[in-house]
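The values are calculated or read from the model by the stated rules, or taken from the named source; none is laboratory data. What you see is a predicted model; the values in this text were computed from it and never measured. Quick reminder, even Gly has a Cβ in these numbers, built from the backbone with ideal geometry, and neighbours come from all protein chains shown. Surface accessibility is based on the protein's heavy atoms, side chains included, excluding ligands, DNA and RNA. Shrake-Rupley method; radii C 1.70, N 1.55, O 1.52, S 1.80 Å.
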Amino acid sequence: MATTVNSGNAPVSDTQSSTSADPRYEGSTFQYSMLLEHLIGEKRPIKDLNPTVMGGLPNPMKTDDQKMIERGMESCAFKAVLACVGGFVLGGAFGVFTAGIDTNVGFDPKDPMRTPTAREVLKDMGQRGMSYAKNFAVIGAMFSCTECIIESHRGKSDWKNAVYSGCVTGGAIGFRGELST
């Protein structure tokens, strides 16, 4: 039979329970359970997760005005207006750019040899820019509103809301295009 040495004193056989014979085991079990209580049990100290304690920069507490402005900026109405205005500006710029590189701007089909005037070219650029601006504004507002509705319905704020919103917005645009033909 194999024997184990108990702190260099006397050999202990395998048949004898070493857990009950070894007084160090009882102490280590007690220490282990105390350690668990300290780390994850009821005696665990609650730590303040202040950034200054964790080595970060101090973050001052927000005032009531700052909290009110933050709530306003996170509201659905603000997001929809921001998307609408941003879409209008981006669409206008895109429309003017595409009109600038289009060779048919100001082209008169009745007289193809005539060179368009600067006024005619600018008029066409403005019309195309306004058309693109309106379309981008509507699409931005639709996307923002559907994303907000989906986020409110799901109760989560993650990347899936944008994907679902894009599907709904694209479907609505496709459905609207199907009705017009």
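Before moving on, here are some points about what is shown:
- None of ASP158, ASP65 is among the charged types (D, E, K, R), out of contact with any Ser or Thr (no Cβ under 8 Å at 6 or more places or on another chain) and either closer than 27 Å to GLY174 by Cβ or touching a residue at least 12 places away in the same chain (Cβ under 8 Å) (or both) except ASP158.
- Selection within the stretch 109-123 - open to solvent by 50 Å² or more (accessible area, probe 1.4 Å) and either touching a helix residue (DSSP H, G or I) at 6+ places or on another chain (Cβ under 9 Å) or not small (Gly, Ala, Ser) (or both): PRO109, LYS110, ASP111, PRO112, MET113, ARG114, THR115, THR117, ARG119, GLU120, LEU122, LYS123
- Answer from LEU82, LEU39 - the residue that is modelled with pLDDT of 70 or more, open to solvent by 90 Å² or more (accessible area, probe 1.4 Å), in a helix (DSSP H, G or I) and closer than 30 Å to ALA141 by Cα: LEU82
- Conditions (1) of a type in the set (A, V, I, L, M, F, W, C); (2) surrounded by 14 or more Cβ atoms within 10 Å (Cβ to Cβ); (3) free of Cβ contacts under 8 Å to residues at least 24 places away in the same chain; number of the one not met by ALA77: (2)
- Of all residues in the stretch 148-162 being over 20 Å from VAL81 (Cα atoms) and loosely packed, with under 12 Cβ neighbours inside 10 Å, the one that is farthest from the chain's Cα centre (by Cα): HIS153
- Cβ-Cβ contacts under 8 Å between residues 6 or more apart (or on different chains), taken from a first residue in the stretch 127-155 that is farther than 10 Å from GLY95 by Cα to a second residue that is part of a helix (DSSP H, G or I) and among the basic types (Lys, Arg), are listed as SER144/LYS79; GLU147/LYS79; CYS148/LYS79; ARG154/LYS160.
- A search for C-beta distances below 6 Å between a residue of the stretch 103-116 that is assigned to a loop (DSSP other than H, G, I, E, B) and any residue that is of a type in the set (D, E, K, R) and modelled with pLDDT of 80 or more, counting only pairs 6+ apart in sequence or on different chains, returns VAL105/ASP124; GLY106/GLU120; GLY106/ASP124; ASP108/ARG114.
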